[in-house]
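Right, one structure below, let's go through it.
Each reported figure results from applying straightforward, stated rules to the coordinates on display, with no laboratory input. This one's a predicted model, so the numbers in the text were calculated from it and none came from an experiment. Backbone-built Cβ (ideal geometry, glycine too); neighbour counts: all protein chains shown.
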Amino acid sequence: MKKLVLLVALTICTLNVAAQERLYWSALEGISFEEVYDEPTATWVQVPKWTSQQRQDWGGTSVVVTGYAIVLDPVDHVYALSAFPFSSCFFCGAAGPESVMEIQFDSPQELLTDDVITVIGQIKLNSTPENLPITLEHARLK
């Protein structure tokens, strides 16, 4: 009986790991953006223009992605994940908005800027100026 329980547990764990697709930052380079005027901030911002194929391929998909943690709010544990370290990330002007995504962890994390982390989460495609192009929802560290 113990062997059966162990076999079932291993099968479930294997299915859980196999259910995530590895997302590489290079796959996001094909996202196109348009500049729109954001009245609340009185600035021009870039918002993604998602194709139907991108929505089909990525929307709601569970992925594994590795990058650099960017601490946006250390008190409320708000983080972004970047393809590049902070010194050359999107917020510093050296990369495009496709190189960073929001992370919404299911439980609070204690991360430092530039920690290299691997995150598992579900892709949400955003099209508003208030959000980064992609949010990883229900995220957890791998």
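A few notes on this one:
- Debye intensity ratio I(q)/I(0), log10, the range 51-115, q values 0.18, 0.21, 0.28 Å⁻¹ (C-alpha model): -0.72, -0.90, -1.19
- Directionally averaged shadow of the range 33-142, computed from the convex hull of its alpha-carbon atoms, nm²: 7.0
- Contour minus Cα-Cα distance for Thr41 and Leu72 (0.36 nm per residue): 9.4 nm
- Loop GluC sites (Glu not before Pro), the range 69-142 (other Cβ atoms within 10 Å of the site Cβ: 12 or fewer; DSSP): Glu110, Glu130
- Net charge dipole size for the range 21-68 [Lys, Arg +1 and Asp, Glu -1 on Cβ; Debye, nearest 20]: 220
- Potential extension, Gln20-Asn126 segment - 0.36 nm per residue separation minus Cα distance: 36.1 nm
- Principal axis dimensions, the range 99-142 - Cα atoms, whole angstrom, descending: 28, 20, 16
- Under the simplified labelling scheme, the Gln109-Ser62 pair shows an inter-label distance of 1.7 nm, with each label point 7 Å from Cα along Cα→Cβ.
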